[in-house]
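S.K.: Okay, handing you the structure first.
The values are calculated or read from the model by the stated rules, or taken from the named source; none is laboratory data. Because the structure is predicted, anything quoted here is derived from the model rather than measured. Glycine gets a Cβ as well: all are built from the backbone with ideal geometry, and neighbour counts include every protein chain shown.
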Amino acid sequence: MKLGKKALIALTFTVGACLFVATALADIALGTGYDRLKDAIKRTAAQMENGLESYTLRARTLMRIDDFVLYENVSTERFDLENRARELFDETTHGIENVKRSSHTYHDPHLYVWKRAGQDNYQGYAYPNGDHEWRMYTNPFEEEGAEDLEKIIDALVGNLKDHVIIEDRADGGQVFRGNLNEVQVPALVNAVLSFYVKHVMLAEIRFRTDMDEQLFPKIIRDVYVKRIGGRAEESKRGLVETFQGEIVLSGADDGGERHEISVFYEIKVTDIGQTRVERPDLTNAQIETIRDSKLERHRFSKKHIGTYRSDIIVETPDAFVKIGERTLTIASVDDEKITGTYTETIYPEYAGQYELEPITIPFVTEQIDWQTVFKYRNHDGEERYAEIEPGEPGKVYLYMDWIYTDETFIYPETYDQIRDTRFIRIFE
């Protein structure tokens, strides 16, 4: 799986939430120093892709509603460009459960391994010839559509350039900072963010946290920005080493009660030239050797033919209740593909407690790079991909909701909230 892409700035929470924050920060930050800071950010991204010997990229996102922490994500990615090694530590905490989920991914030309939340051992691939093709870091400003997005942000900034303060640091660098209150926020920005919050952001948060409607206010009226604050530090060598900001919005629920939504976002580039990346301990790891990385083949064999099951469980104040089952049936395996069926079954007495309409998906897999995937239509009729892979003996992992665009998988990270990824073999 391409978990390394989560180190990209735009993907630490979700694409939508981060664009939400980035647009807000652009509106304040960048005042009379807008072009100077934008150039510094572009220069930094270019150096991160090709120029710096090594560095550590740390990103943190914190989301609250009133005083309740909805979501926190901290990702720390280390890059050693000289030795072409990279690793990602990712930790997510959802406020509704207050449980941390951690994962680790390691990459070099000879090895690609990962250990996801809930896994005891690493899985992955070894490339004895050192011919594993992958990119250390992808400059987001070189991605398709980046230029158009930049123009949109430029237009939104408008004449907010008087609200920024630029200070010189003692070491030769600069600090950019600024704040806006609700009176200073343009009507256009308020309109855009109001639409996003009501029709996109809150729906995504409910879906990802599985939060009960009674605990999560349905904010539908009079949404506006209360304040925005941002700060960026540029080193004397012209690299942005710290970028952070917070946006606070106010809105009313369907009963007229007002609530605050806040998003804090921070990125730090540290240990430039001093970051080192070491291979993890691969004791008991499941490593498949790939003699030719150009060969694309799944990792299943006929021994995997059978039925696998994962319980659907909801939590009540007094108990955990099984309300149904998810069944994965592998019907056939050959050198090219795997065929089978994925089915969700909800017991009739719990029909109202599962937020999604149960679906049945017959599938035939295909290989995209090293991933074994199949295409399907989700509960809303949208085209998605699911990845299937063998796990420990008698177990199979299924990761759903991938979006495939521009030859890249975008993973919205819903698997550990709505669906358990692990399916256990049924022996009857």
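S.K.: Regarding residue 279, is this residue more than 30 Å from residue 67 (Cα to Cα), under 24 Å from the mean Cα position of the chain (by Cα) and among the charged types (D, E, K, R)?
M.R.: Values: more than 30 Å from residue 67 (Cα to Cα): yes; under 24 Å from the mean Cα position of the chain (by Cα): yes; among the charged types (D, E, K, R): yes.
Considered against the rule, which asks whether it is more than 30 Å from residue 67 (Cα to Cα), under 24 Å from the mean Cα position of the chain (by Cα) and among the charged types (D, E, K, R), residue 279 comes out as yes.
S.K.: Taking interchain pairs and intrachain pairs at least six residues apart, which have beta carbon atoms under 7 angstrom, with the first residue in the range 44-57 and in the same structural domain as residue 173 (by TED's automatic domain parsing) and the second in a helix (DSSP H, G or I) and not small (Gly, Ala, Ser)?
M.R.: 45/140; 45/141; 55/48
S.K.: In addition: What number of residues within the range 233-262 are aliphatic (A, V, I, L, M) and at pLDDT 85 or above? Reasoning before the result, please.
M.R.: Going residue by residue through the range 233-262, those that are aliphatic (A, V, I, L, M) are 239-240, 247-249, 252, 261.
Now drop any that are not at pLDDT 85 or above, which leaves 239-240, 248.
The number of residues fulfilling the criteria is 3.
S.K.: Sort through 359, 368 and tell me the only one that's modelled with pLDDT under 90 and touching an Asp or Glu at 6+ places or on another chain (Cβ under 7 Å). If you could, list the steps in order and put the result at the bottom.
M.R.: Working: 368 fails: touching an Asp or Glu at 6+ places or on another chain (Cβ under 7 Å).
It is 359.
S.K.: Regarding the range 357-365, can at least one residue be identified that is under 26 Å from the mean Cα position of the chain (by Cα) and surrounded by fewer than 14 Cβ atoms within 10 Å (Cβ to Cβ)?
M.R.: yes
S.K.: Residue by residue through the range 175-188, note down the ones that are touching a helix residue (DSSP H, G or I) at 6+ places or on another chain (Cβ under 8 Å) and either under 20 Å from residue 237 (Cβ atoms) or among the basic types (Lys, Arg) (or both).
M.R.: Listed by number, the list holds a single entry, 176.
S.K.: Also, I was wondering about something else. Among the residues of the range 122-180 satisfying the criterion of being closer than 30 Å to residue 83 by Cα and outside any loop (DSSP other than H, G, I, E, B), which is modelled with the lowest pLDDT?
M.R.: Here is the first cut: in the range 122-180, the ones closer than 30 Å to residue 83 by Cα are 122-144, 146, 173.
Adding the requirement that they be outside any loop (DSSP other than H, G, I, E, B) leaves 123-126, 140-142, 146.
Values: 123: 89, 124: 87, 125: 84, 126: 87, 140: 74, 141: 75, 142: 72, 146: 68.
Filtering first and then ranking leaves 146.
S.K.: Taking the range 50-75 as the search range and keeping residues that are in contact with a Gly (Cβ under 8 Å, 6 or more places away or on another chain) and under 15 Å from residue 241 (Cβ atoms), which one is surrounded by the most Cβ atoms within 10 Å (Cβ to Cβ)?
M.R.: 55
S.K.: I would also like to ask the following. Where the second residue is surrounded by fewer than 18 Cβ atoms within 10 Å (Cβ to Cβ) and of a type in the set (Phe, Trp, Tyr) and the first is part of a strand (DSSP E or B) and lies in the range 318-337, which pairs have Cβ atoms under 7 Å and are six or more apart or on separate chains?
M.R.: What qualifies is 323/347; 323/350; 323/354; 324/347; 324/350; 324/354.
S.K.: Then there is this: Which condition does residue 289 not pass, out of (1) under 30 Å from residue 355 (Cα atoms); (2) β-branched (Val, Ile, Thr); (3) modelled with pLDDT under 85, if it passes all the others?
M.R.: (1)
S.K.: Within the range 298-307, is even one residue under 26 Å from the mean Cα position of the chain (by Cα), closer than 30 Å to residue 124 by Cβ and in a loop (DSSP other than H, G, I, E, B)?
M.R.: First pass over the range 298-307, keeping only residues under 26 Å from the mean Cα position of the chain (by Cα): 298-299.
Filter once more, so that each one left must be closer than 30 Å to residue 124 by Cβ: 298-299.
Next, from what is left, pick out any that are in a loop (DSSP other than H, G, I, E, B): 298-299.
Yes, some residue in the range 298-307 is under 26 Å from the mean Cα position of the chain (by Cα), closer than 30 Å to residue 124 by Cβ and in a loop (DSSP other than H, G, I, E, B).
Here is a yes/no grid of residues against (1) closer than 27 Å to residue 114 by Cβ; (2) out of contact with any strand residue (DSSP E or B) (no Cβ under 8 Å at 6 or more places or on another chain):
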position	(1), (2)
343	no, no
348	no, yes
353	no, no
379	no, yes
389	yes, no
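S.K.: Answer with yes or no whether residue 349 is in a loop (DSSP other than H, G, I, E, B) and either surrounded by fewer than 16 Cβ atoms within 10 Å (Cβ to Cβ) or out of contact with any Cys (no Cβ under 9 Å at 6 or more places or on another chain) (or both).
M.R.: Numbers: in a loop (DSSP other than H, G, I, E, B): no; either surrounded by fewer than 16 Cβ atoms within 10 Å (Cβ to Cβ) or out of contact with any Cys (no Cβ under 9 Å at 6 or more places or on another chain) (or both): yes.
Judged against the criteria, residue 349 is not a match.
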